[in-house]
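Enquirer: First the structure, which I've put down as C-alpha coordinates, then a few questions once you've had a look.
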Amino acid sequence: MWPFKKEKIDTQNIVREINAKYRLRRYLELVIGCLLIAIAFNLFLLPNNIVSGGVSGLAVIAKDFFNINPSHFIMIGSLILLVVSYFALGKEKTAGTVLGSIIYPLCVNLTENISSYIQVGDELLLAAVFGGILYGFGAGLVFRAGFTTGGTDVINQIIAQYGKVSMGNAILMSDGLIVLSGVFAFGINKLMYAIIVIYLVGILTDKVLLGISDSKAFYIIAEEEEKIREYVLEELGHGVTIFDTKGGFTKEKQKLLFCVVPTKEYYRLKAGIHEIDPKAFFVVTDAYEVSGGE
(Lines give C-alpha, C1' and ligand atoms only; values in the text may rest on other atoms or scores of the structure.)
Protein backbone atom coordinates (compact mmCIF):
# COMPACT_ATOMS: atom_id res chain seq x y z
CA MET A 1 0.00 0.00 0.00
CA TRP A 2 1.46 3.32 -1.11
CA PRO A 3 1.89 5.83 1.69
CA PHE A 4 -0.45 8.78 1.50
CA LYS A 5 1.37 12.05 1.03
CA LYS A 6 -0.55 15.09 2.22
CA GLU A 7 -0.32 18.06 -0.10
CA LYS A 8 1.21 21.06 1.63
CA ILE A 9 -0.85 24.23 1.58
CA ASP A 10 0.91 27.44 0.60
CA THR A 11 -0.50 29.60 3.39
CA GLN A 12 1.56 32.66 2.46
CA ASN A 13 0.14 32.55 -1.07
CA ILE A 14 -3.40 32.41 0.35
CA VAL A 15 -2.70 35.50 2.45
CA ARG A 16 -1.26 37.30 -0.59
CA GLU A 17 -4.34 36.47 -2.65
CA ILE A 18 -6.67 37.71 0.09
CA ASN A 19 -4.71 40.95 0.45
CA ALA A 20 -4.66 41.49 -3.32
CA LYS A 21 -8.39 40.83 -3.65
CA TYR A 22 -9.33 43.36 -0.98
CA ARG A 23 -6.38 45.75 -1.37
CA LEU A 24 -8.38 48.85 -2.32
CA ARG A 25 -10.97 48.31 0.41
CA ARG A 26 -8.27 47.68 3.03
CA TYR A 27 -6.42 50.90 2.20
CA LEU A 28 -9.68 52.85 2.14
CA GLU A 29 -10.68 51.48 5.56
CA LEU A 30 -7.22 52.35 6.91
CA VAL A 31 -7.46 55.97 5.76
CA ILE A 32 -11.08 56.42 6.93
CA GLY A 33 -10.27 54.73 10.24
CA CYS A 34 -7.24 56.95 10.90
CA LEU A 35 -9.29 60.02 9.96
CA LEU A 36 -12.08 59.11 12.39
CA ILE A 37 -9.58 58.49 15.20
CA ALA A 38 -7.90 61.83 14.47
CA ILE A 39 -11.26 63.65 14.51
CA ALA A 40 -12.18 62.00 17.82
CA PHE A 41 -8.82 63.04 19.24
CA ASN A 42 -8.89 66.67 18.07
CA LEU A 43 -12.61 67.28 18.57
CA PHE A 44 -13.35 65.48 21.84
CA LEU A 45 -10.26 64.20 23.68
CA LEU A 46 -7.57 66.85 23.25
CA PRO A 47 -9.72 69.95 24.03
CA ASN A 48 -10.97 68.27 27.22
CA ASN A 49 -7.57 66.87 28.32
CA ILE A 50 -8.82 63.28 28.33
CA VAL A 51 -5.83 60.90 28.41
CA SER A 52 -7.05 57.59 27.00
CA GLY A 53 -3.70 55.86 26.49
CA GLY A 54 -1.30 55.45 23.61
CA VAL A 55 0.98 58.05 22.05
CA SER A 56 -2.11 60.25 21.64
CA GLY A 57 -2.55 60.25 25.41
CA LEU A 58 1.07 61.28 25.89
CA ALA A 59 0.53 64.02 23.31
CA VAL A 60 -2.30 65.48 25.44
CA ILE A 61 0.04 65.65 28.44
CA ALA A 62 2.94 67.03 26.36
CA LYS A 63 0.76 69.82 24.95
CA ASP A 64 -0.42 70.90 28.39
CA PHE A 65 2.99 70.80 30.08
CA PHE A 66 5.40 71.72 27.28
CA ASN A 67 3.11 73.26 24.63
CA ILE A 68 4.29 70.72 22.05
CA ASN A 69 2.15 70.40 18.91
CA PRO A 70 0.23 67.08 19.33
CA SER A 71 0.49 66.06 15.66
CA HIS A 72 4.26 66.63 15.69
CA PHE A 73 4.59 64.70 18.96
CA ILE A 74 2.55 61.78 17.59
CA MET A 75 4.47 61.73 14.30
CA ILE A 76 7.91 61.78 15.96
CA GLY A 77 6.86 59.25 18.61
CA SER A 78 5.36 56.89 16.03
CA LEU A 79 8.45 57.04 13.79
CA ILE A 80 10.78 56.39 16.72
CA LEU A 81 8.69 53.39 17.80
CA LEU A 82 8.64 52.20 14.18
CA VAL A 83 12.44 52.03 14.18
CA VAL A 84 12.38 50.30 17.56
CA SER A 85 9.86 47.80 16.20
CA TYR A 86 12.09 46.97 13.22
CA PHE A 87 15.04 46.04 15.44
CA ALA A 88 13.07 44.48 18.30
CA LEU A 89 10.29 42.66 16.44
CA GLY A 90 11.62 42.21 12.92
CA LYS A 91 10.58 43.25 9.44
CA GLU A 92 7.38 41.20 9.14
CA LYS A 93 5.73 42.45 12.33
CA THR A 94 6.76 46.01 11.55
CA ALA A 95 5.28 45.98 8.04
CA GLY A 96 1.68 46.21 9.30
CA THR A 97 2.42 49.34 11.34
CA VAL A 98 4.29 51.43 8.75
CA LEU A 99 1.31 52.93 6.92
CA GLY A 100 -0.72 53.52 10.08
CA SER A 101 2.27 55.18 11.79
CA ILE A 102 2.45 57.69 8.93
CA ILE A 103 -1.21 58.18 7.97
CA TYR A 104 -2.58 58.65 11.50
CA PRO A 105 -0.25 61.55 12.47
CA LEU A 106 -0.98 63.17 9.10
CA CYS A 107 -4.72 62.92 9.80
CA VAL A 108 -4.17 64.46 13.24
CA ASN A 109 -2.32 67.33 11.57
CA LEU A 110 -5.05 67.82 8.94
CA THR A 111 -7.83 67.92 11.53
CA GLU A 112 -6.05 69.86 14.29
CA ASN A 113 -8.25 72.95 13.75
CA ILE A 114 -11.55 71.06 13.46
CA SER A 115 -12.73 72.33 16.85
CA SER A 116 -12.70 75.87 15.38
CA TYR A 117 -15.31 74.85 12.79
CA ILE A 118 -17.38 72.38 14.83
CA GLN A 119 -18.46 73.54 18.26
CA VAL A 120 -19.34 70.62 20.55
CA GLY A 121 -19.42 72.46 23.88
CA ASP A 122 -17.52 71.64 27.04
CA GLU A 123 -19.71 68.86 28.47
CA LEU A 124 -17.16 66.23 29.53
CA LEU A 125 -19.54 63.28 29.60
CA LEU A 126 -20.73 63.90 26.03
CA ALA A 127 -17.13 64.39 24.91
CA ALA A 128 -16.11 61.07 26.49
CA VAL A 129 -19.07 59.17 25.02
CA PHE A 130 -18.90 60.50 21.47
CA GLY A 131 -15.11 60.53 21.49
CA GLY A 132 -15.04 56.89 22.55
CA ILE A 133 -17.63 55.87 19.95
CA LEU A 134 -15.88 57.67 17.09
CA TYR A 135 -12.42 56.50 18.17
CA GLY A 136 -13.60 52.90 18.57
CA PHE A 137 -15.31 52.84 15.18
CA GLY A 138 -12.16 54.17 13.51
CA ALA A 139 -9.90 51.73 15.35
CA GLY A 140 -12.17 48.86 14.31
CA LEU A 141 -11.83 49.85 10.65
CA VAL A 142 -8.03 50.03 10.94
CA PHE A 143 -7.76 46.62 12.64
CA ARG A 144 -10.27 45.03 10.25
CA ALA A 145 -8.10 46.17 7.34
CA GLY A 146 -5.16 44.35 8.92
CA PHE A 147 -3.20 47.42 10.04
CA THR A 148 -2.50 49.29 13.29
CA THR A 149 -1.87 52.96 14.00
CA GLY A 150 1.54 52.11 15.45
CA GLY A 151 2.49 53.99 18.60
CA THR A 152 2.21 52.00 21.81
CA ASP A 153 1.02 48.95 19.85
CA VAL A 154 4.75 48.45 19.24
CA ILE A 155 5.52 48.71 22.96
CA ASN A 156 2.72 46.25 23.73
CA GLN A 157 4.14 43.69 21.31
CA ILE A 158 7.66 44.11 22.72
CA ILE A 159 6.43 43.67 26.31
CA ALA A 160 4.40 40.61 25.31
CA GLN A 161 7.27 39.01 23.40
CA TYR A 162 10.17 39.69 25.72
CA GLY A 163 8.29 39.89 29.01
CA LYS A 164 6.49 36.58 28.33
CA VAL A 165 3.09 38.06 29.17
CA SER A 166 -0.20 38.09 27.27
CA MET A 167 -1.05 40.95 24.93
CA GLY A 168 -3.91 41.94 27.22
CA ASN A 169 -1.52 42.30 30.19
CA ALA A 170 0.96 44.18 28.01
CA ILE A 171 -1.72 46.69 27.01
CA LEU A 172 -2.77 47.03 30.62
CA MET A 173 0.80 47.76 31.66
CA SER A 174 1.71 50.33 28.98
CA ASP A 175 -1.57 52.13 28.35
CA GLY A 176 -2.48 51.78 32.03
CA LEU A 177 0.61 53.75 33.03
CA ILE A 178 -0.18 56.44 30.46
CA VAL A 179 -3.76 56.78 31.67
CA LEU A 180 -2.62 56.93 35.30
CA SER A 181 -0.10 59.61 34.41
CA GLY A 182 -3.07 61.69 33.29
CA VAL A 183 -4.25 61.69 36.91
CA PHE A 184 -1.14 63.61 37.99
CA ALA A 185 -1.55 65.99 35.06
CA PHE A 186 -5.30 66.68 35.11
CA GLY A 187 -6.75 65.07 38.25
CA ILE A 188 -8.84 62.05 39.17
CA ASN A 189 -11.97 63.51 37.56
CA LYS A 190 -10.46 63.23 34.07
CA LEU A 191 -9.42 59.65 34.81
CA MET A 192 -13.06 58.64 35.19
CA TYR A 193 -13.89 60.09 31.78
CA ALA A 194 -10.83 58.38 30.28
CA ILE A 195 -12.13 55.03 31.57
CA ILE A 196 -15.45 55.69 29.79
CA VAL A 197 -13.56 56.37 26.57
CA ILE A 198 -11.45 53.19 26.87
CA TYR A 199 -14.53 51.09 27.60
CA LEU A 200 -16.44 52.44 24.58
CA VAL A 201 -13.41 52.08 22.31
CA GLY A 202 -13.17 48.40 23.25
CA ILE A 203 -16.86 47.77 22.58
CA LEU A 204 -17.02 49.65 19.27
CA THR A 205 -13.79 48.09 18.01
CA ASP A 206 -15.19 44.60 18.60
CA LYS A 207 -18.50 45.51 16.97
CA VAL A 208 -16.77 46.74 13.82
CA LEU A 209 -14.48 43.71 13.70
CA LEU A 210 -17.12 41.07 14.47
CA GLY A 211 -20.38 42.79 13.60
CA ILE A 212 -23.56 42.84 15.65
CA SER A 213 -24.76 39.40 16.62
CA ASP A 214 -28.31 38.62 15.48
CA SER A 215 -28.14 34.92 16.33
CA LYS A 216 -27.38 32.74 19.35
CA ALA A 217 -25.56 29.40 19.31
CA PHE A 218 -26.70 26.79 21.86
CA TYR A 219 -24.59 23.86 23.06
CA ILE A 220 -26.85 21.52 25.03
CA ILE A 221 -26.22 18.34 27.05
CA ALA A 222 -29.34 16.82 28.57
CA GLU A 223 -30.90 13.50 29.47
CA GLU A 224 -33.99 14.48 27.50
CA GLU A 225 -31.97 15.30 24.41
CA GLU A 226 -34.51 13.67 22.04
CA LYS A 227 -37.38 15.81 23.37
CA ILE A 228 -35.27 18.96 23.10
CA ARG A 229 -34.33 18.02 19.54
CA GLU A 230 -38.00 17.64 18.62
CA TYR A 231 -38.84 20.94 20.32
CA VAL A 232 -36.22 22.81 18.25
CA LEU A 233 -37.23 21.12 15.00
CA GLU A 234 -41.00 21.23 15.34
CA GLU A 235 -41.74 24.20 17.57
CA LEU A 236 -38.96 26.59 16.55
CA GLY A 237 -38.40 25.27 13.05
CA HIS A 238 -34.60 25.24 13.19
CA GLY A 239 -32.05 22.52 12.51
CA VAL A 240 -30.06 20.64 15.11
CA THR A 241 -26.68 18.94 14.86
CA ILE A 242 -25.92 16.07 17.26
CA PHE A 243 -22.37 15.22 18.36
CA ASP A 244 -21.17 12.14 20.23
CA THR A 245 -19.18 13.32 23.23
CA LYS A 246 -17.67 11.88 26.41
CA GLY A 247 -17.55 13.49 29.84
CA GLY A 248 -14.03 14.47 30.87
CA PHE A 249 -14.62 13.48 34.50
CA THR A 250 -17.25 10.73 34.35
CA LYS A 251 -16.01 9.27 31.04
CA GLU A 252 -19.68 8.65 30.18
CA LYS A 253 -20.80 8.94 26.57
CA GLN A 254 -23.24 11.77 25.95
CA LYS A 255 -25.04 13.52 23.14
CA LEU A 256 -24.35 17.19 22.54
CA LEU A 257 -26.98 19.20 20.65
CA PHE A 258 -25.84 22.20 18.66
CA CYS A 259 -28.25 24.69 17.11
CA VAL A 260 -28.33 28.34 16.06
CA VAL A 261 -31.46 30.43 16.50
CA PRO A 262 -32.28 34.12 15.89
CA THR A 263 -31.75 36.30 18.96
CA LYS A 264 -35.49 37.00 19.14
CA GLU A 265 -36.06 33.27 19.78
CA TYR A 266 -33.36 32.98 22.44
CA TYR A 267 -35.83 33.09 25.34
CA ARG A 268 -38.20 30.55 23.73
CA LEU A 269 -35.42 27.99 23.40
CA LYS A 270 -33.99 28.71 26.85
CA ALA A 271 -37.42 28.41 28.48
CA GLY A 272 -38.15 25.27 26.48
CA ILE A 273 -34.96 23.58 27.65
CA HIS A 274 -35.73 24.38 31.29
CA GLU A 275 -39.29 23.08 30.89
CA ILE A 276 -38.27 19.82 29.20
CA ASP A 277 -35.20 19.07 31.32
CA PRO A 278 -34.55 21.35 34.35
CA LYS A 279 -31.19 19.65 34.92
CA ALA A 280 -29.98 20.22 31.37
CA PHE A 281 -26.55 21.82 30.92
CA PHE A 282 -26.22 24.33 28.11
CA VAL A 283 -23.95 27.15 26.96
CA VAL A 284 -25.10 30.08 24.83
CA THR A 285 -22.76 32.23 22.74
CA ASP A 286 -23.20 35.01 20.19
CA ALA A 287 -23.13 33.84 16.57
CA TYR A 288 -21.85 36.83 14.59
CA GLU A 289 -22.15 35.18 11.20
CA VAL A 290 -24.23 32.24 10.03
CA SER A 291 -23.85 31.06 6.45
CA GLY A 292 -24.31 27.91 4.43
CA GLY A 293 -26.76 25.08 4.96
CA GLU A 294 -30.35 25.06 3.79
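Enquirer: Remind me, relative contact order of region 119-221 in percent, using alpha carbon pairs under 8 angstrom and six or more residues apart?
Expert: Taking the mean separation of contacting Cα pairs over the length of region 119-221, I get 45 percent.
Enquirer: Which aspartates and glutamates have a Cα less than 14 Å from the Cα of Lys227, not counting those fewer than 8 places away in the same chain?
Expert: Filter leaves Glu235, Glu275, Asp277.
Enquirer: Enumerate the aspartates and glutamates that Lys279 could reach by cross-link, defined here as Cα to Cα under 12 Å, with residues fewer than 8 away along the same chain left out.
Expert: Glu223, Glu224, Glu225
Enquirer: Give the range of the longest stretch in the chain that excludes all chymotrypsin sites (Phe, Trp or Tyr not before Pro) found in loop regions by DSSP and having at most 12 other beta-carbon atoms within 10 Å.
Expert: My reading of the result: 5-248 is the longest stretch.
Enquirer: With the dipole of the chain worked out from charges on the C-beta (+1 for Lys and Arg, -1 for Asp and Glu) around the Cα centre, which of Val108, His274, Leu236 lies farthest toward the positive end?
Expert: Val108
Enquirer: At a 1.4 Å probe radius, which order do Asp277, Asp122, Asp64 fall into by accessible area, largest first?
Expert: The residues order as Asp122, Asp64, Asp277, largest area first.
Enquirer: Nothing charged except the Cβ atoms of Lys and Arg (+1) and of Asp and Glu (-1): what's the magnitude of the dipole of region 141-294 about its Cα centre? Round to the nearest 20 debye. The partial results should precede the final answer.
Expert: On the way: 15 positive and 19 negative charges, 135 e Å.
Charge dipole of region 141-294: 640 debye, to the nearest 20.
Enquirer: Can you grab the distance from the C-alpha centre of region 226-257 to the C-alpha centre of region 67-103, Å, no decimals?
Expert: Each part's Cα centre sits 51 Å from the other's.
Enquirer: What fraction of the DSSP beta bridges in the chain is antiparallel, stated in percent and rounded to the nearest 5?
Expert: In the chain, approximately 100 percent of DSSP beta bridges are antiparallel ones.
Enquirer: Dipole magnitude of the chain about its Cα centre, charges +1 at Lys/Arg Cβ and -1 at Asp/Glu Cβ only, in debye to the nearest 20?
Expert: Here the size comes out at about 980 debye.
Enquirer: With springs only between Cα atoms under 10 Å, which of Gly187, Gly248, Gly176 fluctuates most in a Gaussian network model of the chain?
Expert: Gly248
Enquirer: Which helices count as membrane-span-like in the chain under these terms: full DSSP H, at least 20 Å along the axis by C-alpha, Kyte-Doolittle mean of 0.0 or more?
Expert: 23-40, 70-89, 91-110, 124-144, 167-186, 188-210
Enquirer: Among the listed pairs Lys216/Lys253; Lys164/Lys251; Lys63/Lys164, which have their C-alpha atoms separated by more than 31 angstrom in this model? Mind dumping the intermediate values first?
Expert: On the way: Lys216/Lys253 26 Å; Lys164/Lys251 35 Å; Lys63/Lys164 34 Å.
The answer is Lys164/Lys251; Lys63/Lys164.
The values are calculated or read from the model by the stated rules, or taken from the named source; none is laboratory data. Just so you know, these numbers come straight off a predicted model, no measurement behind them. Every residue, glycine as well, gets a Cβ built from its backbone with ideal geometry; the counts of neighbours run over all protein chains shown. In case anyone asks, the SASA skips ligands and DNA or RNA and just uses the protein heavy atoms, side chains included. Shrake-Rupley method; radii C 1.70, N 1.55, O 1.52, S 1.80 Å.
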